[in-house]
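Asker: For reference, the structure I am asking about is given below.
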Amino acid sequence: MGVFEETAPLQKVIMWGQPGPEAIIAQILPKDISCFNEDFSVLGARSEFEIASGMIQDQGIEIIQVKDLFIKMINDQGLKPEHSLTGLKDALVQKALAYSVKYPEGCTKEIEDIGEVVDEDIQKYKDKNAVIVMNEMLCLSHEFELPLANVIYARDQSNVAGRVWIWSSMRHEIRQPEVSLYQRVLEHSGIASTENFDQIVKVTGGGRFEGGDGIVNDGTYYVGLGGRTNWEGIKQVAPAVLSQGLRLVVFRDRDRAKGGNEMDAMHLDTIWMPADVNTIVACDVQMARRTAFEITEKSGKLNVQALGSMPNFMTQRGARIISLSSEEQRAFAPNFLNLGNNTIILSIIDEASVDRSAGEKTIEGKLLDEGKVVLNADLQAITKGYGGLHCMTASIRRGN
């Protein structure tokens with residue numbers, strides 16, 4: 001396994017699975033706690049997940065669903081539920097109602113669907129007790145005060161750079177426990193192991209690193225430094241990345257790194273994405289905010305060299321830029337999944353983000369002009385959680 005190029009043929013990818021009661025309960029929380037963009041339909045998101053994952057599998061790509069492995073781990077470890085099925089449904093609804101009292105502005109429209117969602121998962125997995133335990137851990141655990149509402153965005157808990165597996169350390173409280181959950185499940189399954197990867201790195205302490213900030217392209221591991229990833233986190237992963245012969249280039253957004261609003265461009269994969277090895281889809285406004293730095297290592301010491309502005313660096317590199325407006329960037333145009341073989345699946349096509357009267361083309365039109373095969377997952381619900389298809393997928397094997 002390994003990822004040495006974001007645009008190489010995708011062979012194997014990790015996804016979470018359909019969102020469940022954890023996401024319904026989180027709709028009630030304030031957005032600065034839930035990390036969601038706006039209220040969305042979890043029932044709609046469950047359907048969208050099935051359609052999007054089916055599109056990926058139709059291209060011959062193996063999907064590993066962590067939720068499936070979670071159920072298996074629960075059985076392998078003999079974990080027993082604390083609630084009956086009726087008791088679980090009641091406890092989930094009561095937690096949602098308690099939040100609705102505390103946060104009366106929250107969205108409560110799908111509380112009554114919690115039981116139906118639990119029943120759908122029982123029907124899928126044919127394992128009532130394991131589904132109860134899973135929901136207890138995701139929604140009711142005393143260890144995790146908040147529901148793990150963002151687990152569907154499976155890119156962020158870890159990242160593969162070459163043959164190095166990087167475990168994240170996440171900024172927001174609601175997302176921090178996701179890393180230990182994914183780690184527990186993927187280590188139990190044997191996927192995140194030194195048998196499959198040369199090194200396993202865990203970002204700790206004051207370090208912050210999130211998987212959406214790391215992208216391998218043209219022999220370089222690019223890392224976004226801003227609201228979610230900091231210098232300390234990058235320094236912790238740098239030796240393992242550099243030991244493989246990859247360059248390490250950091251794009252720093254100084255304002256967001258100092259605590260400015262980061263939600264509209266939280267990760268590198270929300271503003272910048274390779275369409276092929278030397279063609280990059282990027283938002284001009286967001287690139288202009290950032291400065292490029294290269295990290296090198298000599299005699300065990302890390303050195304940081306300023307490379308100028310991000311746009312100038314990309315020009316000097318000789319990369320071709322497919323420019324996006326701020327409106328397109330906020331509509332998740334860069335957050336697509338590149339399958340390799342000139343095929344791309346978009347998260348969504350937002351006609352309102354382009355000015356048709358001025359002859360502007362959507363991201364679909366721009367990529368078609370590049371000779372790409374373009375599919376559209378049409379994630380109307382899921383993108384309301386501040387993530388698209390790239391955020392939902394963690395590539396672990398690319399290349400022929």
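The values are calculated or read from the model by the stated rules, or taken from the named source; none is laboratory data. All figures in this text were calculated on a predicted structure; none of them were measured in a lab. A quick note on method: Cβ atoms are made from the backbone with ideal geometry, for glycine too, and the neighbour counts reach across all protein chains shown. Quick note on the areas: whole protein, heavy atoms, side chains included, nothing else; ligands and nucleic acids left out. Shrake-Rupley method; radii C 1.70, N 1.55, O 1.52, S 1.80 Å.
Asker: Within 10 Å of each candidate Cβ there may be at most 16 other Cβ atoms; applying that plus a DSSP loop requirement, which trypsin sites (Lys or Arg not before Pro) in the range 94-186 survive? Each step should come with its number before you reach the end.
Answerer: On the way: sites: 95, 102, 109, 124, 126, 128, 155, 163, 171, 175, 184; in loops: 109, 126, 155, 163, 171, 175.
Answer by residue number: 109, 126, 163.
Asker: Give the accessible surface of the chain per residue, rounded to a whole number of Å², with probe radius 1.4 Å and ligands, DNA and RNA excluded. Mind showing how you got there, number by number?
Answerer: Numbers: 15220 Å² over 400 residues.
About 38 Å² of surface per residue is accessible.
Asker: So for the range 77-156, what are the equivalent ellipsoid semi-axes in whole Å, largest first, each being the square root of 5 times an eigenvalue of the Cα gyration tensor? List each step's numbers first, then the result.
Answerer: On the way: eigenvalues 89, 47, 36 Å².
Semi-axes (√(5λ), whole Å): 21, 15, 13.
Asker: Just want the answer: with Cβ charges of +1 for Lys and Arg and -1 for Asp and Glu, which residue in 86, 135, 73 is farthest toward the dipole's positive end in the range 63-135?
Answerer: 73
Asker: Also, quick follow-up: Considering only the other residues whose Cβ falls under 11 Å of the Cβ of residue 85, what net charge follows from Lys and Arg at +1 and Asp and Glu at -1?
Answerer: 0
Asker: What does the charge add up to near residue 62, with Lys and Arg as +1, Asp and Glu as -1, over the other residues with Cβ less than 10 Å from its Cβ? Don't jump to the answer; show the numbers that get you there.
Answerer: Details: positive: 12, 397; negative: none.
Local net charge: +2.
Asker: Can I ask one more? Evaluate the distance, in nm, between pseudo-label points positioned 7 Å from the Cα of residue 304 and of residue 76 along their respective Cα→Cβ axes.
Answerer: 4.0 nm
Asker: Still on this structure, please answer the following. Which lysines have a Cα lying under 26 Å from the Cα of residue 72, excluding residues fewer than 8 positions away in the same chain?
Answerer: 12, 80, 89, 124, 126, 128, 202
Asker: Looking at the P(r) of the range 256-398, how many percent of alpha-carbon pairs lie beyond 17 Å? Could the numbers behind the result be given before it?
Answerer: Working: 6445 of 10153 pairs.
Value for the range 256-398: 63 percent of Cα pairs lie more than 17 Å apart.
Asker: Moving on to the next point. Report the Rg/Rh value for the range 3-66, based on alpha-carbon coordinates and the Kirkwood definition of Rh. Don't skip to the end; give the middle numbers.
Answerer: Numbers: Rg = 14.7 Å, Rh = 13.7 Å.
Radius of gyration over Kirkwood radius for the range 3-66 works out to 1.08.
Asker: Also, quick follow-up: How much length is gained if the chain between residue 373 and residue 196 is pulled fully straight, taking 0.36 nm per residue apart and subtracting their Cα-Cα distance, in nm to one decimal? Walk me through the intermediate numbers first.
Answerer: On the way: separation 177, 0.36 × 177 = 63.72 nm, distance 3.12 nm.
Here the answer is 60.6 nm.
Asker: Considering only the other residues whose Cβ falls under 12 Å of the Cβ of residue 47, what net charge follows from Lys and Arg at +1 and Asp and Glu at -1? Intermediate results must be reported in sequence, preceding the final value.
Answerer: On the way: positive: 46; negative: 48, 50, 120, 378.
Net local charge, residue 47 excluded: -3.
Asker: Next question. Work the Kirkwood hydrodynamic radius out for the chain: mean of 1/r over every pair of different alpha-carbon atoms, inverted, in Å. Mind dumping the intermediate values first?
Answerer: Numbers: mean 1/r = 0.0466 Å⁻¹.
Answer for the chain: a Kirkwood hydrodynamic radius of 21.5 Å.
Asker: Kindly write out, for the range 194-202 in residue order, the coupling ³J(HN,Hα) from the Karplus curve 6.51 cos²θ - 1.76 cosθ + 1.60 (θ = phi - 60°), rounded to whole Hz, with x marking Gly and Pro.
Answerer: Each residue of the range 194-202 in turn: 6, 6, 9, 9, 6, 9, 10, 10, 10 Hz.
Asker: So, one more: Regarding the range 288-344, what whole-number volume in Å³ per residue does the convex hull of its Cα atoms give? Spell out each step's value before the answer.
Answerer: Details: hull volume 8.7 nm³, N = 57.
Given the Cα convex hull of the range 288-344, per-residue volume reads 152 Å³.
Asker: Of the peptides 258-267, 236-245, 73-82, how do they stack up when ordered by the mean number of other Cβ atoms within 10 Å, highest first? Present the calculation step by step, with values, prior to reporting the outcome.
Answerer: Values: 258-267: 16.4, 236-245: 18.3, 73-82: 14.1.
Highest-to-lowest ranking by the protection proxy: 236-245, 258-267, 73-82.
Asker: Here is a follow-up. Given springs between every Cα pair under 10 Å in a Gaussian network model of the chain, which of 357, 193, 180 has the largest fluctuation?
Answerer: In the Gaussian network model the winner is 357.
Asker: Could you tell me whether the range 1-128 comes out rounded, prolate or oblate from its Cα gyration tensor? Rule is a ≥ b ≥ c as square roots of the eigenvalues, rounded for a/c under 1.5, then prolate if a/b exceeds b/c, otherwise oblate. Don't skip to the end; give the middle numbers.
Answerer: Working: a/c = 2.25, a/b = 1.43, b/c = 1.57.
Oblate.
Asker: I would also like to ask the following. So what is the calculated 222 nm ellipticity per residue for the chain, using -39500 (n - 2.57) for each DSSP H run with n of 4 or more, over all residues, to the nearest 500 deg cm²/dmol? Each step should come with its number before you reach the end.
Answerer: Numbers: 15 runs with 135 residues, N = 400.
Using -39500 (n - 2.57) per qualifying helix, the result is -9500 deg cm²/dmol.
Asker: Hey, with R₀ at 22 Å, roughly what FRET efficiency would residue 129 and residue 184 work out to, going by the Cβ-Cβ distance, to 0.05?
Answerer: Details: r = 18 Å, r/R0 = 0.84.
That gives a FRET efficiency of 0.75.
Asker: Please say if the range 159-240 is rounded, prolate or oblate, where rounded means a/c under 1.5 for a ≥ b ≥ c the square roots of the C-alpha gyration tensor eigenvalues, and otherwise the choice is prolate for a/b larger than b/c and oblate otherwise? Mind dumping the intermediate values first?
Answerer: Working: a/c = 1.86, a/b = 1.08, b/c = 1.73.
Oblate is the answer for the range 159-240, as a/c is 1.5 or above yet b/c matches or exceeds a/b.
Asker: If I model a spin label at residue 47 and residue 242 as a point 7 Å from the Cα along the Cα→Cβ vector, what separation in nanometres do I get?
Answerer: Using points 7 Å along Cα→Cβ, the separation is 5.1 nm.
Asker: Next question. So between residue 12 and residue 277, what do we pick up on full extension, going 0.36 nm a residue minus the alpha carbon distance?
Answerer: Here the segment from residue 12 to residue 277 would lengthen by 93.5 nm.
Asker: Moving to a separate point now. If each of residue 325 and residue 141 carries a label point 7 Å out from its Cα toward its Cβ, how far apart are those two points in nm?
Answerer: 4.3 nm
Asker: Per the Kirkwood definition applied to all pairs of different Cα atoms, how many angstroms is the hydrodynamic radius of the range 316-400? Display every interim value, and only then the final one.
Answerer: Numbers: mean 1/r = 0.0728 Å⁻¹.
Value: 13.7 Å, from the Cα pair sum.
Asker: Out of all DSSP beta bridges in the range 126-247, what portion is antiparallel? Express it as a percent rounded to 5.
Answerer: On the way: 9 of 14 bridges.
About 65 percent, rounded to the nearest 5.
Asker: Under the Kirkwood approximation for Rh and a Cα-based Rg, what ratio Rg/Rh is obtained for the range 183-286?
Answerer: Numbers: Rg = 14.7 Å, Rh = 14.9 Å.
Rg divided by Rh gives 0.99.
Asker: Give me the percent of DSSP beta bridges within the chain that run antiparallel, rounded to the nearest 5.
Answerer: Numbers: 35 of 59 bridges.
In the chain, DSSP labels about 60 percent of beta bridges as antiparallel.
Asker: Moving to a separate point now. Heavy-atom accessible area of residue 89 with all protein chains present, probe 1.4 Å, nearest 10 Å²?
Answerer: Accessible surface of residue 89 is approximately 50 Å².
Asker: A further question follows. Is any residue of the range 17-42 close enough, with backbone N under 16 Å, to a label point placed 7 angstrom from the Cα of residue 112 along the Cα-Cβ axis, and if so, which?
Answerer: 42
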